[in-house]
Amino acid sequence: MVAHIVLMNACAPLVALAYIWIRLKCRTPARSFLFSAMAAQLLLLWAWHAPPVLDAAMRSHFLHLAMQVSLFLSAFWFWSAIFLVKGHRRWRAILALLITGKIFCLLGVLFVFAPRVLYPGVLSGHGTAHSPAVTLADQQLAGLLMIAACPATYVLAGIVIAALWFDDISRMSDPDVGMREAGA
C-alpha cells in the first residue's frame, strides 16, 4: 500500500510537473484529456484491488510489476492532465480532483470498515503464517493510509489550483493589473 501511495500521490505528480515544465520550455502543445485520465486511473485502481486480481498480482512478480507500472502511468496521465488545465477551465481540474479523491477514499473506507479480511490469499501466498487479526489490522492500516494520504494530496492540489484560478479571475476583472503587467 505504501508503494501505491508513494507512486500515485508523490512520484506521479512530481514527474508530471517536470514533464509539463519541459513541454512548456519546448513550447510543445499538449491536450489533457482530463476526464479520460481520471476514468482510467479510477478503473485501474479498483480493478487491481478486486480480491482475485490483487491475489494473483501478489503471487506473480510479472503481474505485480504490471500493477505498479499501470497504476503509476495512469496516475502520471491524470496528474499531467490536471496540470495542463489553465485559465477559466481550472474548475474542471478541481472537479476531477474532488471526484478522484472521494472514490479513492471509498476504497480506503472499505479497507478500514470491512468486517473481515478482503484479501486472505495475499499474505498466505507469501509463505507467512499470520493470524486473521494481524491481517485485518494490516488491511485497516492500509485503508487508513489511503484515507490520510490520497485526499491530502488531492485537497492540497485543489487548493493550489483554486488559488491560481482566483488569481486569474482577479487579473481579468482588474484592468489596472493587466496594464501593470503589460508594462504600460
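The values are calculated or read from the model by the stated rules, or taken from the named source; none is laboratory data. From a predicted model like this one, the values you see are computed outputs, not experimental measurements. Positions of Cβ are generated from backbone atoms using ideal geometry, with glycine treated the same way; all protein chains shown enter the neighbour counts. Ligands, DNA and RNA are excluded from the accessible area calculation, which covers all protein heavy atoms including side chains. Shrake-Rupley method; radii C 1.70, N 1.55, O 1.52, S 1.80 Å.
Listed values, structure above:
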quantity: Qualifying positions in the stretch 50-64 - touching a Leu at 6+ places or on another chain (Cβ under 8 Å) and surrounded by 19 or more Cβ atoms within 10 Å (Cβ to Cβ); calculated: ALA57
quantity: Residues of the stretch 102-120 satisfying the condition of being closer than 13 Å to LEU145 by Cα and open to solvent by less than 50 Å² (accessible area, probe 1.4 Å); calculated: PHE104, CYS105, LEU107, GLY108, PHE111, VAL112
quantity: Residue within the stretch 130-137 that is modelled with pLDDT of 90 or more and not basic (Lys, Arg) present; calculated: no
quantity: Contacts under 6 angstrom Cβ, first residue in the stretch 1-26 being free of Cβ contacts under 8 Å to residues at least 40 places away in the same chain, partner of a type in the set (A, V, I, L, M), 6 or more apart; calculated: ARG23/ALA30
quantity: Boolean, SER80 is among the small types (Gly, Ala, Ser) and either modelled with pLDDT of 95 or more or farther than 29 Å from ALA18 by Cα (or both); calculated: no
quantity: Looking only at the stretch 65-88, and only at residues there that are open to solvent by 60 Å² or more (accessible area, probe 1.4 Å) and either part of a helix (DSSP H, G or I) or of a type in the set (Val, Ile, Thr) (or both), the one that is nearest to ALA37 (Cα to Cα); calculated: TRP77
